[in-house]
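*Asks:* Below you'll find the structure I mean.
The values are calculated or read from the model by the stated rules, or taken from the named source; none is laboratory data. Treat the numbers as computed from the prediction; the structure is a model and nothing was measured. Positions of Cβ are backbone-derived with ideal geometry, glycine not excepted, and every protein chain shown enters the neighbour counts.
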Amino acid sequence: MSIELNGLAASFINHTRTLRSTPFVCSADTALEGWFRAELVPALEDIGIPTTSIICRFSYPGTLEQGDLAIKAKDGVIAFELMHFYPNKDSRKIKRFPSQLDRLQKAADNGSAQQGIAFVTFSGYSEQRTVSLIRQFFEHRLPRWQIIGPYPLLEGHPLIIVLASITGGG
């Protein structure tokens, strides 16, 4: 089992567009990562992932590092890293995020995860800065990583999402 990114993005966007909190989240001048993690669960349910297979406290095997979310599938684990970037509040995140991507890639390569998914949001950046950050994080990871987006979460609001995935088999 692996998660198809376009289906997950569509499910997440369709789900969150129905929520009264979405306009606030999409225009807030702060990161609300907990909201994204919580709302990712119904989106996963909508693509056929049972809630009982979702792990909220996932530890990467053999490490003390934790992922943001995981799915226990019959073929293994699908690990998620979520990151929200907002201007002037992101310098530590910009430095830290590549290590989270490395952790997903290592987990896919060593078989501790069958798939790693990065769920990334950007809010308040110019299009040029957003593209620059996406390149900075992912350009050297191609072609192993599949990247989709950016997609607006809610039309007329500055928040966009990008999803990236790597599967095992280095």
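*Asks:* If you scan segment 140-150, which residues turn out to be closer than 16 Å to L163 by Cβ and either at pLDDT 95 or above or outside any loop (DSSP other than H, G, I, E, B) (or both)?
*Replies:* Passing the criteria: R141, W145, Q146, I147, I148, G149, P150.
*Asks:* What pairs can you find where one residue is in segment 146-170 and without any contact (Cβ under 8 Å) to a residue 60 or more places away in the chain, the other is surrounded by 18 or more Cβ atoms within 10 Å (Cβ to Cβ) and part of a loop (DSSP other than H, G, I, E, B), and their Cβ atoms are less than 7 Å apart, with a gap of 6+ or different chains?
*Replies:* I160/L153
*Asks:* Which one of L82, L44 is in contact (Cβ under 8 Å) with a residue 24 or more places away in the chain, touching a Ser or Thr at 6+ places or on another chain (Cβ under 9 Å) and part of a strand (DSSP E or B)?
*Replies:* So the residue among L82, L44 that is in contact (Cβ under 8 Å) with a residue 24 or more places away in the chain, touching a Ser or Thr at 6+ places or on another chain (Cβ under 9 Å) and part of a strand (DSSP E or B) is L82.
*Asks:* If you take the residues in segment 151-170 that are modelled with pLDDT of 95 or more and not β-branched (V, I, T), which one is nearest to T22 (Cα to Cα)?
*Replies:* Per the stated criteria, the residue is L163.
*Asks:* Scan segment 77-120 residue by residue and report those that are touching a strand residue (DSSP E or B) at 6+ places or on another chain (Cβ under 8 Å) and among the small types (G, A, S).
*Replies:* Hits for segment 77-120 are A79, A107, A108, G111, S112, A113, G116, A118.
*Asks:* Right, next: Starting from segment 51-72, take each residue that is in contact (Cβ under 8 Å) with a residue 60 or more places away in the chain and among the hydrophobic types (A, V, I, L, M, F, W, C) and list its partners that are surrounded by 11 or more Cβ atoms within 10 Å (Cβ to Cβ) and part of a helix (DSSP H, G or I), counting only C-beta distances under 6 angstrom and pairs at least six apart or across chains.
*Replies:* Within 6 Å, the pairs are I71/S53.
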